[in-house]
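Student: Let me begin by handing over the structure; questions about it come next.
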Amino acid sequence: MSEHTSAMHYVKIWAVLLVLLIISVLGPMLEVKILTLITAFGIAVVKALMVAAYFMHLNIEKRYVWYLLVMMLLVVGMFFVGTASDIMKPDGRNWVNRAAQDLRTPAADVSADSQQQAPTAH
Amino acid sequence: MSTMPIATTRSMTGIPTGRLAVWWVIGSEIVIFGGLLACYLLLRNLYPHWGESAAHTSTLAGAINTFVLLTSSLFVVLAHHAAERKRHIAAFFYLWLTIGGGLTFLLIKAFEWSYEIAQGYTITANLFWSYYYTAAGIHASHVIVGMIIMAIISFDVLRQRNLPRVELIGIYWHFVDIVWIFLFPLLYIAK
C-alpha cells in the first residue's frame with residue numbers, strides 16, 4: 001500500500017512523533033492541570049492518529065476498515081456509558097455500595113490488603 | 001497435493017484476505033484495550049488518590065519505552081516499504097531491528113518492574129498497582145507475540161516468500177504501539 005511513498009516520508013513522521021513525545025513529557029512538568037490534559041492526553045490522541053494514518057496507512061485504506069474500527073470504538077463507548085453510571089455513583093437515596101465507598105479512602109484500600117497479607121501466628 | 005483455489009481477496013471489500021483478517025483482530029483488540037483504558041478513566045476519576053501511587057512510576061522509563069516503540073514502528077514500516085520493492089534482505093534487516101526494539105522494551109520493563117516490586121509495589125498492593133501490572137502485562141504479552149510472529153515471517157522474507165505478510169505484522173505492531181501511546185500518559189504522566 002506504500003508504493004508511492006518514500007522512506008524519508010516515514011522518517012519525517014517519526015521525527016514529528018518524537019517532538020510530540022518530548023512535549024507530552026515536558027508539558028505536565030509545569031503542573032498546570034489543563035496543560036497536562038492537553039499535552040499528555042491531547043498529544044497522545046494526535047500521536048495515535050498519526051501512527052494509524054501514516055504507518056498503518058489508514059489514510060489510504062478502504063472505507064470498510066474505517067467502518068469496522070469505528071464500530072468497535074462504538075462498542076467500547078457503549079460499555080463505558082453502560083457501566084459508568086453505576087461505577088461513578090456508589091451511593092443513592094435507598095441504597096449504598098459499601099465496597100466502592102471503602103475504596104474511596106487510600107487507607108481503607110491499603111489496609112484491606114494488609115489485613116489479607118498479615119502473617120498468622122503459629 | 002491439493003489443487004483447491006485459495007481466496008486471496010474478498011470481492012465484497014476489495015481488501016486482501018490476510019489484511020482483512022488482521023483488521024478484524026485489531027477490531028477485537030480495540031474492545032479489549034478500550035475496556036481497560038475506560039476502566040482506568042472511571043476508577044481514576046472516582047479514586048483521586050490513585051495519583052499518589054502513580055507518582056511512584058518512572059516517567060523516564062515510560063518515556064524511553066515510548067521512544068523505543070515509536071522507533072520500532074518506523075523500522076517495521078520501513079520493512080514493509082522494502083518488501084513492497086522486493087528488497088528482501090533490507091526487509092529482513094528492518095524486521096530484526098523491530099524485534100530488537102521489542103526486546104529493548106521488555107528489558108526496560110523488566111528492570112522497572114523489578115525495582116517497583118522490590119519497593120513493595122506488588123500487584124496486590126492496591127487497585128492502582130493491580131491495574132498497572134494487568135494493563136502493562138497484557139500489553140507486554142502482545143509485544144512478545146508480535147516479536148515471535150515477526151521472527152517467523154522474517155525467515156520467509158529471507159527466502160523471498162510471503163512478502164505481503166510484512167505489512168500484516170506491521171499493522172499489528174503499530175496497533176501495539178498505539179496502545180502504549182495511551183498507556184504512557186495514564187500510568188506515567190497523570191500523577
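The values are calculated or read from the model by the stated rules, or taken from the named source; none is laboratory data. Predicted model, so just to flag it, every value in this text is computed and none were measured. Glycine also receives a Cβ, built like all others from the backbone with ideal geometry; neighbour counts cover every protein chain displayed. Note: areas computed on protein heavy atoms with side chains; ligands, DNA, RNA excluded. Shrake-Rupley method; radii C 1.70, N 1.55, O 1.52, S 1.80 Å.
Student: Can you find even one residue in region B:161-178 that is more than 30 Å from B:LEU42 (Cβ to Cβ) and in contact with an Asp or Glu (Cβ under 6 Å, 6 or more places away or on another chain)?
Tutor: yes
Student: Out of B:VAL145, B:VAL166, B:VAL179, report the one residue that is surrounded by fewer than 20 Cβ atoms within 10 Å (Cβ to Cβ) and either of a type in the set (Gly, Ala, Ser) or at negative phi (or both).
Tutor: On the way: B:VAL166 fails: surrounded by fewer than 20 Cβ atoms within 10 Å (Cβ to Cβ); B:VAL179 fails: surrounded by fewer than 20 Cβ atoms within 10 Å (Cβ to Cβ).
Only one candidate qualifies: B:VAL145.
Student: Same structure, new question: Does B:ALA38 satisfy the criteria of being within 17 Å of B:VAL145 (Cα to Cα) and either in contact with a Pro (Cβ under 8 Å, 6 or more places away or on another chain) or without any contact (Cβ under 8 Å) to a residue 24 or more places away in the chain (or both)?
Tutor: Spelling it out, it is not the case that B:ALA38 is within 17 Å of B:VAL145 (Cα to Cα) and either in contact with a Pro (Cβ under 8 Å, 6 or more places away or on another chain) or without any contact (Cβ under 8 Å) to a residue 24 or more places away in the chain (or both).
Student: Against the definition (open to solvent by 50 Å² or more (accessible area, probe 1.4 Å), of a type outside the set (Ser, Thr, Tyr) and over 30 Å from B:LYS86 (Cα atoms)), how does A:ILE22 come out, yes or no?
Tutor: It is true that A:ILE22 is open to solvent by 50 Å² or more (accessible area, probe 1.4 Å), of a type outside the set (Ser, Thr, Tyr) and over 30 Å from B:LYS86 (Cα atoms).
Student: May I ask you to verify whether A:PHE79 is touching a Gly at 6+ places or on another chain (Cβ under 9 Å), at the interface with another protein chain (Cβ under 10 Å from one of its Cβ atoms) and either open to solvent by 90 Å² or more (accessible area, probe 1.4 Å) or farther than 27 Å from B:VAL25 by Cβ (or both)? If you could, list the steps in order and put the result at the bottom.
Tutor: Numbers: touching a Gly at 6+ places or on another chain (Cβ under 9 Å): yes; at the interface with another protein chain (Cβ under 10 Å from one of its Cβ atoms): yes; either open to solvent by 90 Å² or more (accessible area, probe 1.4 Å) or farther than 27 Å from B:VAL25 by Cβ (or both): yes.
For A:PHE79, the condition - touching a Gly at 6+ places or on another chain (Cβ under 9 Å), at the interface with another protein chain (Cβ under 10 Å from one of its Cβ atoms) and either open to solvent by 90 Å² or more (accessible area, probe 1.4 Å) or farther than 27 Å from B:VAL25 by Cβ (or both) - is met.
Student: Another question about this same structure. Scan region B:58-67 residue by residue and report those that are open to solvent by 20 Å² or more (accessible area, probe 1.4 Å) and more than 8 Å from chain A (Cβ to nearest Cβ).
Tutor: Scanning region B:58-67 gives B:SER58, B:LEU60, B:ILE64.
Student: Is it the case, given these coordinates, that B:PHE33 is more than 8 Å from chain A (Cβ to nearest Cβ) and open to solvent by 30 Å² or more (accessible area, probe 1.4 Å)?
Tutor: Details: more than 8 Å from chain A (Cβ to nearest Cβ): yes; open to solvent by 30 Å² or more (accessible area, probe 1.4 Å): no.
Here the answer is no, as B:PHE33 does not meet what is asked.
Student: Shifting gears a bit: Of everything in region B:69-101, what is open to solvent by less than 20 Å² (accessible area, probe 1.4 Å), more than 10 Å from chain A (Cβ to nearest Cβ) and without any contact (Cβ under 8 Å) to a residue 60 or more places away in the chain? Give them in sequence order.
Tutor: Scanning region B:69-101 gives B:ILE99, B:GLY101.
Student: Something else now. Give the residues of region B:121-142 that are open to solvent by less than 50 Å² (accessible area, probe 1.4 Å), in a helix (DSSP H, G or I) and over 30 Å from B:HIS88 (Cα atoms), sorted by residue number.
Tutor: B:PHE128, B:TRP129, B:SER130, B:TYR131, B:TYR132, B:TYR133, B:ALA135, B:ALA136, B:GLY137
Student: Looking at region A:3-20 only, could you name the residues that are at pLDDT below 95 and within 8 Å of chain B (Cβ to nearest Cβ)?
Tutor: Matches in region A:3-20: A:GLU3, A:THR5, A:ALA7.
Student: Within region A:25-58, can you find the residues that are open to solvent by 90 Å² or more (accessible area, probe 1.4 Å) and over 20 Å from the mean Cα position of the chain (by Cα)?
Tutor: Within region A:25-58, just A:LEU30 meets the criteria.
Student: Another question about this same structure. Being free of Cβ contacts under 8 Å to residues at least 12 places away in the same chain and away from chain A (no Cβ under 14 Å) is the filter here, so list the residues in region B:160-191 that pass it.
Tutor: Listed by number, the residues that qualify are B:ARG161, B:ASN162.
Student: Ok, one more. Does B:VAL25 satisfy being at pLDDT 95 or above, under 28 Å from A:MET72 (Cα atoms) and open to solvent by 40 Å² or more (accessible area, probe 1.4 Å)?
Tutor: The answer is yes for B:VAL25.
Student: Restricting to region B:28-61, what's the tally of residues that are of a type outside the set (Asp, Glu) and more than 29 Å from A:VAL75 (Cα to Cα)?
Tutor: Qualifying residue count, region B:28-61: 9.
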